[in-house]
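Here's the structure we're looking at; comments come further down.
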Amino acid sequence: MPLTATFPLPLFRRALGDSWRSLAGWSAGFLAALLLYVPLYRSIGGNADMSELLDSLPPALINALNYGAIATGPGYVSATFYGLMGFALITIAATMWSSAAIAGDEEVGSLELTLAHGVTRTQVVLERAAAIAVRLLWLNVLSVLVILALNDSAGLDIAPANLVAQGAALLGLALVTSMVGIAVGALTGRRVFATGAAAGVAVVGYALNAVANQSADLDGLHAWSPYAWAFGNSPLVNGADWGGLGLLYGVAVALLVVGVIALNRRDVTG
Amino acid sequence: MTQVLETTALTKRFGKRLALDAIDLRVEQGTVFGLIGPNGAGKTTTMRLLLDIIRPTSGSIRVLGEDPKVGGAPLRRRIGFLPGELRLEGRVTGRVLLRHYAQISGTVASGTPELLAERLDLDLSRQVRTLSKGNKQKLGVVQAFMHTPALLVLDEPTSGLDPLVQQEFLTMVREARDNGQTVLLSSHVLSEIQQAADAVAILRAGRVVTVSDVESLRASAVRHVAVTVADAPAEALRAAFAGDPRLASLTVAGGERASASGVLEGDINPFIRALAAFTVVDLRVEEPDLEEAVLGLYAKQV
């Protein structure tokens, strides 16, 4: 066994190595969701009967679901995949991975053994967060590639640059969710708190956005919703929303810093 | 001798609970030092403090000359740690897991993990999650020893190991000591300390009850004695041992040859002097085991 050589990023590589099965499963899930929704654009979003159906629905529901622009390809993909199914799937993945990374590892007792070795706590948080970020990035790259591949055949007429912007927005949103899980896990060491906080931020963000969509009076609520930071300006239709992206990635980095500081400051219990 | 480990008034609170109360320990290089005590005595807390997994409430620690918090990762590369409640999971094989720990440890000589695994009769090609508790423990022992650390911190190392493997493990501990490494190990199974340790600290409720080398602990302990004398009535024997030296739980059997047996506390010399008045036919003095010695100390504290 060639053990003497030192390799960079041992914790990052182990986190990826341990999770490739899980990542393969999530990739299959994303693929299934994309193949289910995207090819149906012609028969749902671009369909006249469907437009009538949507017109008959309460406007409040349409606003909550962002289904207002569903009759166009970008609007359809934005509302169905990015706004709902992709968002739900990536939120679950980000929540599970991030709550397991610190708090879960601490609860099963293996964080203690890792920290007893020649690694710093900062390194543990950063390498594990990076492993999560890479997996989330992969799921978004996969989604972008699949949608691009289906772009012509499904008649979506999506501009590739806008699609990348939309993917970057979903990635940023998932990063915020996962860094909440990392930070709360590092603060408390309790998986249930990390899971609750990560999922809670995502769900509350979604709900705030849905409520804020209802009237101009409630528009201010958008400012408090990471979901609105990501999709409020419809990057798939309008192109990259740099302000929103900056907010998402900035908050994610800030949460990561909180996680690093928190784990460095407290006792790790087995 | 060089102090590999030194704690001064080391105190740790978990909320209101006082887990360690001003512990002073000194462990010299090239010795095997045992921490013994019942569950909750503070053994695991002490070890976690040495590894900077938890931080002291007050007091100071020097491990290999450094404060664990300041020494950080480079210091921990020179320590091998086996946690008390080792829980290893994962779909990877033992070999892959050891490779991972080797990458975050001190330098591991090529072939060492295989050699250690072979000595402990551990199959490295099996998935970690399928291993029994004892085999996971062996994996933990291998990862603690494989980089030949200057200090080994082993929390309940023999738990889950069968007797043959325990013996091999104790041989590894002695070899490490002979190699100049220092070993700190804890147990509530006292016999394993008795065989391996040069010195022990007995912990109870977060305090050090006593620090002693194993020999003097044994000397201070009770001995089982049995003596048979000729040409003396049983009453004479009883009288001889009723006062000083006192035999606790003395039983005397009369007859042609009178026999007495009992438990002798403390110094053995007065007992031998008292025997000099008799014609001794048979004498047995059983070496005390540490278990009784330690239980005696606990009893005095209560």
(request) Would you compute, from DSSP H runs of 4+ residues alone, the mean residue ellipticity of chain A at 222 nm, taking -39500 (n - 2.57) per run and dividing by the full residue count, rounded to the nearest 500? (result) -22000 deg cm²/dmol
(request) Using the number of other C-beta atoms within 10 angstrom as an exposure proxy, rank A:S56, B:S216, A:S143, A:S110 with the fewest first. (result) A:S56, B:S216, A:S110, A:S143
(request) Compute the FRET efficiency between A:S215 and B:I268 as 1/(1 + (r/R0)^6), taking r as their Cβ-Cβ distance and R0 = 56 Å, and round to the nearest 0.05. (result) 0.05
(message) Order these by the 10 Å Cβ neighbour count, fewest first: B:T93, A:T80.
(response) B:T93, A:T80
(request) Pull out a ≥ b ≥ c, the square roots of the eigenvalues of the alpha-carbon gyration tensor of chain B, then state rounded if a/c is under 1.5, prolate if not and a/b is larger than b/c, and oblate in the remaining case. (result) prolate
(request) Kindly identify region A:115-270 as rounded, prolate or oblate by the Cα gyration tensor criterion: order the square roots of the eigenvalues as a ≥ b ≥ c, call it rounded if a/c is under 1.5, otherwise compare a/b with b/c, prolate if a/b is larger, else oblate. (result) oblate
(request) For region B:71-152, state which GluC sites (Glu not before Pro) are in a DSSP loop and have at most 11 other beta carbons lying within 10 Å of their beta carbon. (result) B:E85
(message) Taking the Cα of A:T120, stepping 7 Å toward and past its beta carbon, and measuring to each backbone N in region B:73-112: which are under 11 Å?
(response) B:73-74
(request) Would you tell me the mean number of C-beta atoms belonging to other protein chains that fall within 10 Å of each C-beta in A:96-107, as a whole number? (result) 0
(message) Please enumerate, by chain and number, the lysines with C-alpha under 24 Å from the C-alpha of B:K69, excluding those fewer than 8 residues away in the same chain.
(response) B:K12, B:K16, B:K43
(request) Let me know the charge dipole size of the protein assembly as shown about its Cα centre in debye, to the nearest 20, where only the beta-carbon of Lys, Arg (+1) and Asp, Glu (-1) is charged. (result) 540
(request) Using a 10 Å cut-off on Cβ to Cβ distances, tally the other chain neighbours for every residue of B:81-92 and report the average as a whole number. (result) 4
(request) Specify whether the C-alpha gyration tensor of region B:154-204 places it in the rounded, prolate or oblate class, a ≥ b ≥ c being the square roots of the eigenvalues: rounded for a/c under 1.5, otherwise prolate if a/b is larger than b/c and oblate if not. (result) oblate
(request) Report, in degrees rounded to the nearest 10, the 0 to 90 angle that the Cα long axis of helix B:290-301 makes with the longest principal axis of chain B. (result) 80
(message) Largest first and in whole Å, what are the equivalent-ellipsoid semi-axes of the protein assembly as shown based on the Cα gyration tensor, each being the root of 5 times an eigenvalue?
(response) 69, 23, 20
(request) Working from Cα positions, state the angle (0 to 90°, nearest 10) between the long axis of helix B:133-145 and the longest principal axis of chain B. (result) 70
(message) Using amide H atoms built in the peptide plane, which far-off residues or other-chain residues are under 5 Å from B:F81 H to H?
(response) B:V153
(request) Give me the angle, in degrees from 0 to 90, between the Cα long axis of helix A:20-37 and the longest principal axis of the Cα atoms of chain A, rounded to the nearest 10. (result) 0
(request) For chain A, build the charge dipole from Cβ charges (+1 Lys, Arg; -1 Asp, Glu) around the Cα centre, then report which of A:F81, A:V237, A:L31 sits farthest towards its positive end. (result) A:L31
(request) Pairs of Cα atoms under 8 Å, at least six residues apart: use those to get the relative contact order of chain B, whole percent. (result) 19
(message) Using the Cα centre of region B:3-218 as the reference point, and only Cβ charges (+1 on K/R, -1 on D/E), how large is the resulting charge dipole? Debye, rounded to the nearest 20.
(response) 940
(request) With a point put 7 Å past each Cα toward its Cβ, work out how far B:Q127 is from A:N238 in nm, to one decimal. (result) 5.0
(request) Name the residues whose placed amide hydrogens come within less than 5 Å of the amide hydrogen of B:A258, ignoring near sequence neighbours (fewer than 5 apart) on the same chain. (result) B:V229, B:D231, B:A232
(message) To make sure I understand, if each residue's beta carbon is the centre and we count other beta carbons within 10 Å, what order do B:V142, A:V253 fall in, fewest to most?
(response) A:V253, B:V142
(message) Let me confirm one metric for peptide B:68-80, namely the mean number of other chain beta-carbon atoms within 10 Å of its residues' beta-carbons.
(response) 2
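We did not get these values from a lab; they are worked out from the coordinates using the rules stated. As the structure is a prediction and not an experimental result, all values here were calculated from the model. Here Cβ is always computed from backbone atoms with ideal geometry, including for glycine, and neighbour counts include all displayed protein chains.
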